[in-house]
Amino acid sequence: MNLPPPQKRKRSSSPPPPSFPLSAAPIDLSLLEAIEKSQIKVIETLDLKTLKKLALSLERRLNSNTAARLKYPDNPDKFADSELELHDELQQLKILAGAPELYPDLVSIGTVNSITGLLNHDNTDIAIDAVTLLQDLTDADVIEDNEDSALVLVDALVENSAVELLVQNLSRLSDSDPDESAAIYNTLSTIENLIEVKPSVSELVCEKTKLLKWLQARIKVREFDSNKQYASEILAILLQNSAANQKRFGQMNGVDTLLQAVAMYKSKDPKTGDEEEMVENLFDCLCCVLMPLENKERFVKAEGVELMIIIMNQKKLCYGSAIKALDFAMTSYPPACERFVDVMGLKTAFPAFMGKVPLSKKNKKKFQKEEFEEGLISLIASLFGGILRGSRRERLLSKFVENECEKIDRLMELYMRYSNRVRAETERIDQIEFDDLELDEDEKYNRKLDSGLYTLQLIAVILGHLWTSEHTRMRARIELLLKQQKLTKKDVKDVLQEYHDNIGDLDGPEERERAQSRILKFISALA
């Protein structure tokens, strides 16, 4: 996340900055330096001894503040000074971010428990100080080379219910106050940092807190701001690799929430780069949440297919994202494929497949042409995989016959482009091995995937569907085009065989077996 946190204003307890008339005498820098030194403790070395001094000082200030609040619960003036002192101690602890190797000691002496407890302090300013401190201590740049120490700290924070308290504290923070708005940002940043160190926090925070509900409310807000943007990013992180979170958000009417959020951009583009990033995050969330079958069903019922087609027809910045969302919805879910055909989606998809999409200048800059092509190839492959028979299948197949089989010509054009890329990468891999640099099979395959192998495989799958339709004109066209490129059906079979051999079981062994059986059918038909 490159966005800086919102600008924080000075706290009311801080002295206002001095103002000088333009004609004033030159500022006495030595005087300012003396004032600064009188207000800030100077710590020359940062070691275990210093840490213990800081920890002890914090405990004293905390105990003093607690005692004052208990003694004078209805007289804030009596504990205001102790709160200022507590604020100063928390500021001092920020220097520990410069010595993450001391984090295990910070945990062992119990200071983490005290800091965590301050997230629940009655004074929101103190809670904000604690949030800011935790954000500094867990900053990605700080812990990058200190993973073991960072994990000790994060484990302690989780054990002391920091995750729950961070989220609970969000409910009393308002965007209307600059300090609190910054604290919202820092809270989300801290949660992101915790997940980065300990990925299991992603599911824990959704299981034990109302963070998903809070994020859902944030993305419902129509006005754009930096915290809405960050909320969309955190939601994407939570949904990215967790089926449990995807299902949980779906049960919260999350699919409909996301559709409403992206619908605001169906006929207009984001105004700024930051807003554009937020919209991309929202579509990422939508794609992630469409992984579980039950959420695909919710997507279809909420007329998500129709909305994505409208977005495509508007040809705005979200065009490519809509294609991607449709592909996720239709993968292994025939009802979405059927709905797509029923609402005239083929009339939208195939002109785009042929490259007949007049894009705005902004869209051209954002999306490379090939991103659209690859998305459309995947979408068409999903359609063929989801519509196996009946009139809808005939309508899909007929698209490849009309206009002198121009779409088969286009398909073979793309096949050659990606085939050449994969061949070039294979030659590079062979050269690497010739130079005695070993690559295991997974590395070789991943390098080929990066060069476009997966798209090539999907094109081969579409060709397999066309060939097994036993349509005379389509078969003749495919054979003619292969011959023109000095290729044979065996070349397509080889691509399909490699695809067959590497189909994973992410969707379960039964789905893998079904997919492999279909590919074997194509291979056999191409014999």
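The values are calculated or read from the model by the stated rules, or taken from the named source; none is laboratory data. Keep in mind the model is a prediction, meaning the values are calculated, not measured. Here the Cβ is made from the backbone with ideal geometry for all residues, glycine too, and neighbour counts use every protein chain on show.
If Ala140 satisfies every condition in (1) in contact with a Ser or Thr (Cβ under 8 Å, 6 or more places away or on another chain); (2) closer than 28 Å to Ser174 by Cβ but one, which is the exception?
Going through (1) in contact with a Ser or Thr (Cβ under 8 Å, 6 or more places away or on another chain); (2) closer than 28 Å to Ser174 by Cβ one by one, Ala140 breaks only (1).
Would you mind stating whether Phe249 is under 30 Å from Lys198 (Cα atoms), out of contact with any Cys (no Cβ under 7 Å at 6 or more places or on another chain) and part of a helix (DSSP H, G or I)?
Numbers: under 30 Å from Lys198 (Cα atoms): yes; out of contact with any Cys (no Cβ under 7 Å at 6 or more places or on another chain): yes; part of a helix (DSSP H, G or I): yes.
Against the criterion (under 30 Å from Lys198 (Cα atoms), out of contact with any Cys (no Cβ under 7 Å at 6 or more places or on another chain) and part of a helix (DSSP H, G or I)), Phe249 qualifies.
Out of the helices (runs of 4 or more DSSP H) lying entirely within region 37-139, which hold 2 or more residues that are free of Cβ contacts under 8 Å to residues at least 24 places away in the same chain and either more than 19 Å from Ala162 (Cβ to Cβ) or among the basic types (Lys, Arg) (or both)?
48-71, 76-93
If the Cβ limit is 7 Å and pairs must be 6+ apart or interchain, which residue in region 418-430 that is within 13 Å of Val495 (Cα to Cα) pairs with which residue that is not in a helix (DSSP H, G or I)?
Tyr418/Gly452; Val422/Ser451; Val422/Gly452
Restricting the search to region 283-325, which residues are without any contact (Cβ under 8 Å) to a residue 40 or more places away in the chain, β-branched (Val, Ile, Thr) and farther than 15 Å from Ala349 by Cβ?
Residue satisfying the conditions is Val300 alone.
Suppose the filter is in a helix (DSSP H, G or I), more than 16 Å from the chain's Cα centre (by Cα) and touching a residue at least 12 places away in the same chain (Cβ under 8 Å); does Leu212 pass it?
No, not satisfied.
Considering only residues that are β-branched (Val, Ile, Thr) and in a helix (DSSP H, G or I), look in region 254-282 and name the one that is nearest to the chain's Cα centre (by Cα).
By that ranking, first place goes to Val279.
Which members of region 283-324 meet the condition of being touching a Phe, Trp or Tyr at 6+ places or on another chain (Cβ under 8 Å) and not in a helix (DSSP H, G or I)?
Leu290, Met291, Lys316, Leu317, Cys318
Which residue is surrounded by the most Cβ atoms within 10 Å (Cβ to Cβ), if the candidates are limited to region 406-428 and must be over 12 Å from Leu481 (Cβ atoms) and among the β-branched types (Val, Ile, Thr)?
Val422
Working only within region 140-154, note down all residues that are over 11 Å from Tyr103 (Cα atoms) and buried (at least 16 other Cβ atoms within 10 Å of the Cβ).
Scanning region 140-154 gives a single hit, Val142.
Quick one: how many residues across region 218-246 are within 15 Å of the chain's Cα centre (by Cα), outside any helix (DSSP H, G or I) and charged (D, E, K, R)?
Residues in region 218-246 being within 15 Å of the chain's Cα centre (by Cα), outside any helix (DSSP H, G or I) and charged (D, E, K, R): 0 in total.
Just one of the numbered conditions (1) part of a helix (DSSP H, G or I); (2) at pLDDT below 95; (3) over 30 Å from the mean Cα position of the chain (by Cα); (4) more than 24 Å from Asp501 (Cβ to Cβ) is not true of Asp436; which one?
Result: Asp436 fails condition (1) only.
When region 499-524 is examined, which residues are found to be outside any helix (DSSP H, G or I), in contact (Cβ under 8 Å) with a residue 12 or more places away in the chain and among the hydrophobic types (A, V, I, L, M, F, W, C)?
Of everything in region 499-524, just one residue is outside any helix (DSSP H, G or I), in contact (Cβ under 8 Å) with a residue 12 or more places away in the chain and among the hydrophobic types (A, V, I, L, M, F, W, C), namely Ile503.
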